[in-house]
1. Using the number of other C-beta atoms within 10 angstrom as an exposure proxy, rank Tyr266, Tyr40 with the fewest first.
2. What is the spin-label model distance, in nm, from Thr264 to Ala90 if the labels are put 7 Å beyond Cα along the C-beta direction?
3. Between Arg265 and residues 5 or more places away or on another chain, which pairs have amide H atoms under 5 Å apart, with H built 1.01 Å from N, and which residues are they?
4. For a Förster distance of 25 Å, can you work out the FRET efficiency between the beta-carbons of Glu157 and Gln81, rounded to the nearest 0.05?
5. At what distance in nm do the modelled label points of Lys243 and Thr150 sit from each other, each positioned 7 Å from its Cα along Cα→Cβ?
6. Just check region 100-140 against the gyration tensor rule for me: Cα atoms, a ≥ b ≥ c as the square roots of the eigenvalues, rounded for a/c under 1.5, and otherwise prolate or oblate depending on whether a/b exceeds b/c.
7. Ordered by residue, what ³J(HN,Hα) values in Hz, to whole numbers, does region 158-172 give under the Karplus form 6.51 cos²θ - 1.76 cosθ + 1.60, where θ = phi - 60° and Gly and Pro are x?
8. If R0 is 51 Å, what FRET efficiency do you get for Lys253 and Leu140 from their C-beta distance, rounded to 0.05?
Amino acid sequence: MNDALLALTPTLELPSVAREQALKKQTNISDYDFLLGWLYPEDELLPPNLALFSKTTGPVFIDFLGGKKNHRRQFGGGKGQPLARAVGIASDFTPKVIDATAGMGGDAFVFATLGCEVLMIERSPIVAALLQDALNRAHLELQLEAEGKTYRFDDDEHSFLTATISRMQLVNADAADYLNHTKPEADAIYLDPMYPEKKKKAATNKEMTALQGLVGPDIDSSKLLEAAMTVAKKRVAVKRPAKAEPIQLESGKKPSASIQSPNTRYDLYVVASTQS
């Protein structure tokens with residue numbers, strides 16, 4: 001068993017398991033909702049992935065250099081996509097962004113690929129561990145590439161990814177408390193609250209299934225939105241299902257504007273000091 005995992009396990013309060021045990025069910029995984037383990041790549045130079053195993057999904061880990069995140073980077077629509085417009089990215093302006101509900105890091109990675117300095121805040125210590133492992137692994141893989149020990153990316157792609165990963169930082173904290181007490185600098189704050197599961201729904205990907213099972217729905221979205229509006233210099237963007245009501249605030253404040261996409265809506269709260 002990897003020493004780093006053994007060190008993490010008491011902190012995360014999850015039982016640890018070797019990859020072979022979890023995949024071959026040599027350990028009775030039904031005794032646990034979730035297990036942590038390491039996935040070792042075929043290339044011995046590359047670091048293992050910290051992965052989350054559950055009863056209902058295969059191993060879930062985060063990879064900023066490949067898979068779905070790399071595909072999204074290449075084909076997501078650039079600065080014209082609704083997500084980018086929601087936080088105010090434009091041809092002549094690149095905001096400093098806080099992703100206060102980082103989750104698996106997909107949206108934060110998009111912001112970073114578009115040039116934004118991004119602070120990810122994730123309150124689940126387990127999900128934060130997966131994110132930190134992904135950042136550590138990306139730094140190491142890119143360093144190995146720079147040293148000529150691996151050959152995965154061409155020079156331009158390597159340079160681009162190195163700059164992208166360097167723009168991403170992570171904090172494991174309750175986002176509302178962190179924003180209220182630390183007051184970090186940000187032009188835009190992005191919120192993507194976890195919604196309660198619907199009884200009838202389309203199949204979700206295994207990342208989302210694991211995340212929903214692990215952390216559950218957000219029940220304090222209004223508290224986080226209020227905190228975000230006291231910190232953001234320009235705007236707060238909240239991702240919502242296309243037909244959902246805006247988050248209800250005690251102040252009664254409504255979104256200043258919205259950006260629509262087929263299944264999603266981004267509610268924008270423009271900070272009063274920036275309005276003309």
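Read the figures in this text as sums done on the coordinates, not as results from a lab. In this text the structure is predicted, and so the values were computed from the model without any measurement. When we count neighbours, we look across all protein chains shown, and the Cβ atoms used for this are built from the backbone with ideal geometry, even at glycine.
1. If I rank by nearby Cβ atoms, fewest first, I get Tyr40, Tyr266.
2. 2.2 nm
3. For Arg265, whose amide H was placed from the backbone, the distant partners under 5 Å are Arg240, Ala242.
4. Details: r = 20 Å, r/R0 = 0.81.
Result of the calculation: an efficiency of 0.80.
5. 4.4 nm
6. Since a/c reaches 1.5 but b/c is at least a/b, the shape of region 100-140 is classed as oblate.
7. Once θ is set to phi - 60°, the couplings for region 158-172 become 4, 5, 5, 5, 4, 5, 4, 5, 5, 8, 9, 10, 10, 10, 9 Hz.
8. Computed FRET efficiency for Lys253 and Leu140 comes out at 0.70.
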